[in-house]
Each structure stands twice: as C-alpha cells, then as structure tokens.
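What follows draws every value from the coordinates through simple rules; no lab data is involved. On a predicted model such as this, the values are computed, not experimentally measured, just so you know. Heads up, the Cβs are rebuilt from the backbone with ideal geometry, glycines too, and the neighbour counts pull from every protein chain shown.
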Amino acid sequence: DAGVIQSPRHEVTEMGQEVTLRCKPISGHNSLFWYRQTMMRGLELLIYFNNNVPIDDSGMPEDRFSAKMPNASFSTLKIQPSEPRDSAVYFCASSLGDRGSYGYTFGSGTRLTVV
Amino acid sequence: SQQGEEDPQALSIQEGENATMNCSYKTSINNLQWYRQNSGRGLVHLILIRSNEREKHSGRLRVTLDTSKKSSSLLITASRAADTASYFCAANNNDMRFGAGTRLTVKP
C-alpha cells in the first residue's frame, strides 16, 4: 500500500480564493481524520469520519471550512473563502476501527499558504 | 478533550546516549500512543500501549505506562542522529488529541 496520499503537497493562494485539499486513505481503514498543524496551536483535530460519516466536526474552525467523504477511498477539505490565518500544514490520517483504537497513518501533509 | 502533555519541550543529547521523554494526561484512557515527526513530514506511529499494560518494547524503544500517576515515558536507547525529530504522545479515551511534543536533537 502506498500509504495515505494527500494532494497537493504545497498550495499558495490569494486571500478570498477557494482551496480544496484531497486525501486518499489506506484501503480498508474505516476512520479518517483531518488535522491542522501550526507553530502556535500545534496539531488540531478538525474533523473525524467513521465509515464515511462525519462523527466529530467540533474542531472545524468556522463555516468557511467544510469536509466531505463521498466514499471510502476519498475525502476533501475545502476552505472558502480562504484567509491568511488559515496558513498551516494540513494532515490527513486514517486508521482501522474507531477513533484511537489503533495507530494512525498520516499523509505527508499539504502546506497551505494564503497571501 | 483528552490530550497528552509532553515533557521536556526540548531535549539535546549526544549520539549513543539514551533519551527519555515523558507524557502526562488527565483522565482514564483506553490506550496511549507515541508518534515521531521528522521536519516537514507527517507523524509516524511508533507504539501503542493499552491501559492494562505497564511496559512495551519495540527495537530501541521502551514505553512505560503508569495509570495511577496518569503518565507515560518513552525511552530511546543508544540514540542516533537519525532519531532527531519531534515526539508526540496521544492519550486515547475515544477522543485522541496530540500534545505540543518534545523536540529531540541527537548530535553526532
């Protein structure tokens, strides 16, 4: 397995533009997580899906953020409109079982810069 | 939310020495997990220790768990320059969140 695949690796966009981040989890994993990492706030859980259903989205900062998982092999995180404070590294992770039952496999991340 | 807190924030040692990092948490847990993050990369799962386990080994890694003190430690023996990374713990009680991490530097 190629691991968790995220795209793009880097994204530079102007304030106000829409940004879409993509994630392909490991085949057979039924839990998927989106995290955001910054120097100031560390690793923040944004949203957790189990069997393609959003279970916990309490970490989504505001209505500008939305996430979908239309099937077991694909998820997107969308920011519309983007703001400079959204600049961060966004990680997708997947695992077997429920949240925390097994170790998480992380993707390499998308470094987002909003100018 | 359940969150691990790592200590120290930063640790610098010489190659060949042992490195010990600690993690504290606040409530009961199902398991506790340790991860490594190299600069510019995603986190890599190192080891999971369940609440009914006290010690676990994986290669040069040794993890202990003391549920009475709500703490865990990660020991890396005979450290190498390649062990330079940030190390995170996550205490899981159906809600797993990461602490700020310990930044380990191993000098050759």
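Here are the numbers:
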| item | result |
| --- | --- |
| Viscosity 1.002 mPa s, 20 °C: Kirkwood-radius Stokes-Einstein D of the protein assembly as shown over Cα pairs, µm²/s | 119 µm²/s |
| Residue among B:A19, B:A90, B:A81 with the largest mean-square fluctuation in a Gaussian network model of chain B, springs linking Cα atoms under 10 Å | B:A81 |
| Inter-chain shielding of A:84-93 (mean C-beta neighbours from other protein chains, 10 Å cut-off) | 1 |
| Value of relative contact order over the range B:1-98, rounded to a whole percent, pairs C-alpha under 8 Å and six or more apart | 40 percent |
| Reachable lysines, given that their alpha-carbon falls under 30 Å from the alpha-carbon of A:K78 and they are not under 8 places away in the same chain | A:K24, A:K68 |
| For the range A:1-40: relative contact order, % (alpha-carbon pairs under 8 angstrom, 6 or more apart) | 45 percent |
| Computed magnitude of the charge dipole of the range A:1-88 (debye, nearest 20; Cβ of K, R +1, Cβ of D, E -1) | 220 debye |
| Lys/Arg +1, Asp/Glu -1 at C-beta; the protein assembly as shown dipole; positive extreme among B:H45, A:A72, A:T110 | B:H45 |
| GNM result for chain A, Cα springs below 10 Å: residue of A:S27, A:S87, A:S101 fluctuating most strongly | A:S101 |
| Reachable aspartates and glutamates, given that their alpha-carbon falls under 13 Å from the alpha-carbon of B:K26 and they are not under 8 places away in the same chain | B:E5, B:E6, B:D66, B:D95 |
| Estimated inter-spin distance, B:T105 and B:S58, nm [label 7 Å along Cα→Cβ] | 2.7 nm |
| For the range A:64-115, Kirkwood radius (reciprocal of mean inverse C-alpha pair distance, Å) | 12.8 Å |
| Evaluated at q = 0.13 Å⁻¹: base-10 log I(q)/I(0), Debye formula over Cα of chain B | -0.42 |
| Environment charge at B:Y25 (Cβ cut-off 9 Å; Lys +1, Arg +1, Asp -1, Glu -1) | +1 |
| Chain A, Cα convex hull volume normalised per residue, Å³ | 91 Å³ |
| Chain A: relative contact order as a whole-number percent, Cα under 8 Å and 6+ apart | 37 percent |
| The range B:1-48 and the range A:11-62: distance between their alpha carbon centers, rounded to Å | 22 Å |
| Estimated D of the range A:1-57 in µm² per second, where Rh is the Kirkwood radius over Cα pairs and Stokes-Einstein applies at 4 °C, 1.567 mPa s | 98 µm²/s |
| Of B:P108, B:W34, B:L75, farthest towards positive along the dipole that unit charges on Lys, Arg, Asp, Glu beta carbons give chain B | B:W34 |
